[in-house]
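Structure, as structure tokens:
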Amino acid sequence: MGVIHQDMLVENQVNRVAIIGYNRIPFARQNTNYAEAGNTQMMTAALSGLIKRYHLEGKLLGEVAGGAVIKHSWEVNLMRECVLKTSLDPKTPACDIQQACDTSIEAAVYIANKIALGQIEVGIAGGVDSTSNVPLVLGEKLRTILLSIRRSKTFGERVKHILKIRPKDLVPVGPMNKELQTGLSMGEHTEHTAKYYNIPRDEQDKFALESHLKMVKAYDEGFYDDLLSPYLGLEKDNNLRADSSLEKLSKLKPAFNKENGSLTAGNSSALTDGASCILLASEKWAKMSNYPILAYITFAELAAIEYTQNKHNLLLAPIYASSRMVAKAGLKLQDFDFYEIHEAFSAQVLATLKIWESDELSLQFGLAKGLGAIDRTKLNVKGSSLAAGHPFAATGTRVVATMAKLLNERGSGKGFISVCAAGGHGITVILEK
């Protein structure tokens with residue numbers, strides 16, 4: 001690939017970026033169907049389903065990008081290894097990207113930008129995560145002792161260090177779902193959000209129930225039939241609860257603040273295993289190759305927010321991203337036909353909506369005014385993460401695929417996507433048909 005010079009970017013027209021395909025495996029609750037499947041197996045399955053559906057066997061693509069949040073030490077080149085296990089031309093390059101829950105949607109923007117600049121014509125973006133098959137590492141004390149043993153020059157020195165090991169030091173350490181800056185989990189941060197913005201428990205439960213009911217209806221109507229490839233005995237997301245009710249949700253105990261919390265296992269996205277991917281191409285390549293254009297990616301905005309002092313802020317970076325993005329697009333928040341907001345927690349979605357609706361709350365983010373209320377009947381119309389589950393890196397392209405299909409079925413329109421992420425990150429994207 002040659003060097004892109006500035007004059008080339010000025011002279012050449014930016015290519016329109018089309019979403020032309022999608023696939024994922026059904027998502028599985030932690031320690032269920034995919035308990036023994038790893039990132040490589042799940043991502044390869046999602047890619048292979050995409051390749052089969054869109055007849056990409058033997059094809060040389062521009063690039064495949066994606067990643068996982070929870071990775072083993074040997075998964076240093078995860079996406080390339082997955083590509084080599086598929087029927088794509090092995091000369092197809094691949095790279096890993098990781099930005100917590102934004103991972104696969106950031107990968108989509110990465111591939112889209114390369115297509116827009118003419119560096120590649122077609123590529124795949126995706127993400128995968130296993131919360132079941134996780135890496136276990138040595139505790140810090142044992143690691144330090146073992147390194148000291150390795151450096152020892154004499155047998156006596158080795159024995160001296162070995163005798164420092166205690167039985168409790170042999171217990172492995174799993175990945176921690178905590179923010180290093182605060183020591184709090186995402187759920188604990190969102191408890192602060194719920195209290196700060198006064199998001200009641202009953203509203204959270206109601207929102208969660210709606211997500212399940214909408215997804216159940218979408219499955220019954222066949223909406224997901226061409227979005228998934230069956231895998232390891234699953235044909236649909238097994239986190240989905242067709243028999244959920246407000247009564248059942250109201251009986252669940254708080255999960256993160258046992259004393260007076262409002263977040264439960266029912267109104268929080270579950271720990272989940274899964275993988276998803278989308279196929280992107282230039283408009284010209286899609287038409288020449290006879291692929292239907294489902295939607296175009298037209299705008300994307302990434303943001304970050306301070307959350308160590310203001311602990312309620314962790315998942316609210318999309319407030320900044322959405323404000324900047326709609327301004328650049330010359331649109332209002334109300335100009336969209338569908339909205340897809342990742343449901344990490346009911347409270348985080350409801351807080352985002354409340355901030356948009358309030359000039360006073362938006363002022364706290366340094367914004368002149370709120371973006372205004374949206375038509376909630378257009379929000380997450382086929383259910384979202386509370387129902388499907390949330391394999392961290394896989395959620396972004398799941399959401400993009402859903403929006404692309406919605407717009408394609410409608411035949412025209414605009415879709416607004418928002419995904420929040422650990423580390424105080426958030427990304428928003430506009431799709432158009």
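The values are calculated or read from the model by the stated rules, or taken from the named source; none is laboratory data. These numbers come from a predicted model, not from an experiment. Heads up, the Cβs are rebuilt from the backbone with ideal geometry, glycines too, and the neighbour counts pull from every protein chain shown. Note: accessible area is taken over every heavy atom of the protein model, side chains too, but ligands, DNA and RNA are not part of it. Shrake-Rupley method; radii C 1.70, N 1.55, O 1.52, S 1.80 Å.
Residues considered: SER282, SER384, SER152. Largest GNM mean-square fluctuation over the chain, using C-alpha springs under 10 Å, is found at SER152. Note on the chain: with a GNM built from Cα contacts shorter than 10 Å, the maximum mean-square fluctuation among THR182, THR44, THR92 falls on THR182. Taken about its Cα centre, region 339-433 carries a charge dipole of about 300 debye when Lys and Arg each add +1 at the Cβ and Asp and Glu each add -1 at the Cβ. Rounded to the nearest 500, the helix-only mean residue ellipticity at 222 nm of the chain stands at -10500 deg cm²/dmol, with each DSSP H run of n ≥ 4 adding -39,500 (n - 2.57). Considering only SER48, SER104, SER289, the Gaussian network model of the chain with Cα springs below 10 Å gives its largest mean-square fluctuation to SER289.
Accessible surface area normalised per residue over the chain is 44 Å², counting heavy atoms of protein chains with a 1.4 Å rolling probe.
Peptides 210-218, 412-420 ordered by packing proxy, namely the average of other Cβ atoms within 10 Å per residue, highest first: 412-420, 210-218. Overall, the chain carries a charge dipole of about 1260 debye about its Cα centre when +1 sits on the Cβ of Lys and Arg and -1 on the Cβ of Asp and Glu, all other atoms neutral.
Is region 108-213 rounded, prolate or oblate when judged by the Cα gyration tensor, a ≥ b ≥ c being the square roots of its eigenvalues, rounded requiring a/c under 1.5 and prolate requiring a/b larger than b/c? Oblate, because a/c is 1.5 or more while a/b does not exceed b/c. Keeping the other protein chains in place, figure out the carbon and sulfur percent of the accessible area of the chain, with a 1.4 Å probe. Of the solvent-accessible surface of the chain, carbon and sulfur hold 54 percent.
When the charge dipole of the chain is built from unit charges on Cβ atoms (+1 for Lys and Arg, -1 for Asp and Glu) and taken about the Cα centre, the candidate among GLY66, PRO254, VAL171 whose Cα reaches farthest toward its positive end is VAL171.
Can you give the direction-averaged projected area of the convex hull of the alpha-carbon atoms in region 1-149, in nm²? Spell out each step's value before the answer.
Details: hull surface 48.3 nm².
If you wrap the Cα atoms of region 1-149 in a convex hull and average its projections, you get 12.1 nm².
Positive contributions from Lys and Arg (+1) and negative ones from Asp and Glu (-1), summed over other residues with Cβ under 10 Å from the Cβ of LYS71, come out at -3.
Taken over the C-alpha atoms, region 71-160 has Rg and Dmax values of 20.4, 64 angstrom.
Based on the Kirkwood approach, the hydrodynamic radius assigned to region 321-433 is 14.4 Å, with every pair of different Cα atoms included.
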